[in-house]
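Just so you know, all these numbers are worked out from the coordinates, no wet-lab data involved. The structure presented is a predicted model; accordingly, all values stated were derived computationally and were not measured. Note: ideal-geometry Cβ built from the backbone for every residue, glycine included; neighbour counts use all protein chains shown.
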Amino acid sequence: MKKVLVSSIGIILATGAVSAFAGKQDRENLAQCKADIESYYGDSTRTRLRSIKRSSGETHLRLMVNPKDGENTVIVCSVSSDGASSLATGDGVALSSPEAEQKVSLAQ
């Protein structure tokens with residue numbers, strides 16, 4: 001009985017440590033996404049987190065965005081395991097920041 005109790009407490013503590021780490025990473029991802037959204041829409045943009053989903057090395061944060069002179073928009077911010085982020089509308093249309101535009105060449 002004592003071994004079962006000690007094992008149960010160990011599992012609970014280990015689970016708590018993993019969720020605390022995940023929470024810290026989620027906060028960092030949220031801060032990065034908010035910075036990306038503010039650079040795209042402007043500094044006076046309000047954002048609210050709606051949901052977080054994790055899949056194969058990426059975290060997808062679904063945010064409700066309210067630009068100063070616009071209407072509410074759902075934005076999905078995807079952050080890969082290496083820290084690269086991208087923004088898309090709720091319908092999946094990619095957004096790009098004018099400062100971060102990259103030229104694409106079709107030459108080989």
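Listing for the model above:
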read-out: Cβ crowding within 10 Å averaged over residues, with 32-42, 51-61 ranked highest first; value: 32-42, 51-61
read-out: Protection proxy ranking, peptides 24-30, 74-80, 88-94, average beta carbon neighbours within 10 Å, highest first; value: 74-80, 24-30, 88-94
